[in-house]
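Below is one structure, written out as structure tokens; comments come after it.
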Amino acid sequence: MNLTLENLPRTIDVGIDGGEAVVVLVDQRRLPGELVYLRTSSWRTLVDAVKTLAVRGAPAIGVAGAAAVMLAAFEYAAEEDFDQLLADASRAIAAARPTAVNLAWGVDRARETASEARQARETPQETAEALCRLTEALIAEDEAVNRRIGAHGAELLRGLAKSGENARPLNILTHCNAGSLATAFYGTALGVIYAAAQEGLINRVYADETRPVNQGARLTVWELAQAGVPVTLQCDNMAASLMEQSLVDAVVVGADRIAANGDAANKIGTLGLAVLAHFYDVPFYVAAPTSTIDCTMKSGAEIPIEERDGTEVLPDPIPGVAVRNPAFDVTPHRLITAIVTEEGVWEPVC
């Protein structure tokens, strides 16, 4: 398989242009129809981009959280109450989406950097510049972490592909988008697939459309096609029939938050796949960075689940019809074959 990862766009970037801090990101609301970049120097615009899914995916919004704090620092650099304004903005940024712990993680990393700079008696402008350097470092760090996740995950898939009498490349099922678009670059679940594909271990990827926002149909299949990985799109409710026909060798998904006991929150519909995989004896892997592990939460029951606007499910409301639209569900650790991080397979120990 000839991978063409150079065709994948960089999801988010930051820099200084004419003395002004700028964040540039792929506007994922416009994919797959057109590849458009959103460019902003406003932290409020970046928060709106997080809320409206212009940028999404746990690692990517972690970087976006740090980048938003940076933009706020530049905006308030000339204000006398800089520290208070930055603290207020940081709280608003962290609250933009409640389930993915990486958003708060990115904000916390930025707040730590700002605090250290101020304790060193750096000016607000110097603090803002330090935050820009931090965000650039987080972008590079995220790609490196994702590539390590991919390598560890590929090792697991290698064992599957080369086991038994009928050793062959694998068919992988994935849900939502945990690819390069969900990170600074490369991806978590799709990073595992890319690393495995480079070894010739992948035959085909089946991607759920991922209702109601269709991240699989709009983003995952587009991304895999750009990278040269054979991909087939299917409706979410087709997964059982695919497994019944023995056409799935493994399920690989990402996560937005992992509790201390290994329960994992991911895009709504993931739990159903885990139940099916358990029934059909299909390995179910979760790929995520250690920054997604939240040891302050004992189990998945404590993970806050974002409830989004019902118009995502029913664009034209029907009088008398209520709409339920949780963005995530939680898969119990007992249904997960392995959680793969940049450090290897993670066991619930925190």
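Brief remarks follow.
- Pairs, first touching a residue at least 24 places away in the same chain (Cβ under 8 Å) and surrounded by 13 or more Cβ atoms within 10 Å (Cβ to Cβ) in the range 79-100, second assigned to a helix (DSSP H, G or I) and among the basic types (Lys, Arg), C-beta under 6 Å, six or more apart: Ala96/Lys51
- Taken together, Ala301, Ala288 contain a single residue that is in the same structural domain as Tyr186 (by TED's automatic domain parsing), of a type in the set (A, V, I, L, M, F, W, C) and closer than 25 Å to Thr183 by Cα, which is Ala288.
- Of all positions in the range 308-329, none carries a residue that is within 27 Å of Arg148 (Cβ to Cβ) and among the β-branched types (Val, Ile, Thr).
- When residues in the range 256-295 are screened for being on the phi < 0 side of the Ramachandran plot, within 20 Å of the chain's Cα centre (by Cα) and not in a strand (DSSP E or B), 15 of them pass.
- Sole residue being of a type in the set (Asp, Glu), under 28 Å from Leu35 (Cβ atoms) and in contact with a strand residue (DSSP E or B) (Cβ under 9 Å, 6 or more places away or on another chain), chosen from Asp249, Asp256: Asp256
- For Ala277, the conditions (1) among the hydrophobic types (A, V, I, L, M, F, W, C); (2) within 28 Å of Arg168 (Cα to Cα); (3) touching a helix residue (DSSP H, G or I) at 6+ places or on another chain (Cβ under 6 Å) are fulfilled apart from (3).
- Summed over the range 151-189, the residues that are in contact (Cβ under 8 Å) with a residue 40 or more places away in the chain and out of contact with any Phe, Trp or Tyr (no Cβ under 6 Å at 6 or more places or on another chain) give a count of 27.
- Count of residues meeting criterion [modelled with pLDDT of 95 or more and surrounded by fewer than 23 Cβ atoms within 10 Å (Cβ to Cβ)] in the range 18-45: 19
- Entry remark, the range 229-242: residues being under 9 Å from Leu173 (Cβ atoms) and touching a residue at least 40 places away in the same chain (Cβ under 8 Å) number 2 in total.
- Hits in the range 309-350 - residues which are acidic (Asp, Glu) and within 18 Å of Gln215 (Cα to Cα): Asp309, Glu312, Asp329
- Filtering Asp48, Asp108 for residues that are in a helix (DSSP H, G or I), under 19 Å from the mean Cα position of the chain (by Cα) and exposed (fewer than 15 other Cβ atoms within 10 Å of the Cβ) leaves a single hit, Asp48.
The values are calculated or read from the model by the stated rules, or taken from the named source; none is laboratory data. Quantities reported herein were computed from a predicted structural model and do not represent experimental measurements. For neighbour counting, all protein chains shown are included, and Cβ atoms are generated from backbone atoms with ideal geometry for every residue, glycine included.
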